[in-house]
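The values are calculated or read from the model by the stated rules, or taken from the named source; none is laboratory data. Being a predicted model, the structure only gives us computed values, none of them experimental. Glycine also receives a Cβ, built like all others from the backbone with ideal geometry; neighbour counts cover every protein chain displayed.
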Amino acid sequence: MYKYVFFDLDGTLTQSEFGIVEAASRALAHFGIETPDRELLKRFIGPPLYVSFHEFYGMSDEDSFEAIRVYREYYEREGVYLAPLFAGVKEALGALRDAGCRLMIVTAKPQNMAEVVAEHDGVRGYFEGIAGPSLEGRDPNKAGLIRRAMEELGLTDADCSDILMVGDRFYDIQAAREVGIDSLGVLYGYGSEAELRDAGATCIVSTADEIPAVVLGK
């Protein structure tokens, strides 16, 4: 049984593609970049925005920050509210809380926006805290955020065997391995089974309903 469970937000708790894809499309259109394949824009789900604009579209620092400004202009006004929970998520969180697990959100989404999403979707009360980057965050590695969540709970490396990171992308799995904790990959999000296995996920599930059984060792 794991005593502490860290959840990614976008693609793990919330189906966040609607607001993110629209915001990304608007930001790219600002630079004259057409995006007829909306599926391609789902790659914005996971990494920090700077990484997405800089690496996926080769934007300079100046253009990346301008794209982020346009993105957030829409996202903070409307898109942030277009992120419904995946089926079974609230029930899974309730089961874990009832079993005495302590829960945290660990996300690459700016912390202030993560707070808005969690409150809007009615799940903020399940979590003791949220570890997310500042608005200026550029680092795609979530290991530092996991360590920050550990610190907030008063945990050290001696507690690593009691901690599980739950996520849908390789960013989550790689960060967990770097810190030395187990990881659970979820297939209902935006990553593939091959991606999660290649990253070294300890376990993989298909639905949110399966999460409590893994956490509680049933």
Within region 99-122, restricting to residues that are of a type in the set (A, V, I, L, M, F, W, C) and touching a strand residue (DSSP E or B) at 6+ places or on another chain (Cβ under 7 Å), the one that is surrounded by the most Cβ atoms within 10 Å (Cβ to Cβ) is VAL106
Reported set for region 144-176 where residues are closer than 16 Å to ALA194 by Cα and either outside any strand (DSSP E or B) or free of Cβ contacts under 8 Å to residues at least 24 places away in the same chain (or both) is ASP168, ARG169, PHE170, TYR171, ASP172, ILE173, GLN174
Screening ALA67, ALA108, ALA92, ALA87 for residues that are assigned to a loop (DSSP other than H, G, I, E, B) and either modelled with pLDDT of 95 or more or outside the structural domain of ASP209 (by TED's automatic domain parsing) (or both) leaves only ALA87
inquiry  = Among the residues that make up region 39-62, is at least one of them β-branched (Val, Ile, Thr), surrounded by 16 or more Cβ atoms within 10 Å (Cβ to Cβ), assigned to a helix (DSSP H, G or I) and modelled with pLDDT under 95?
reply    = yes
*asked:* Residue under question is ARG77, and the condition is that it be in a loop (DSSP other than H, G, I, E, B), over 18 Å from the mean Cα position of the chain (by Cα) and exposed (fewer than 15 other Cβ atoms within 10 Å of the Cβ); does it hold?
replied: yes
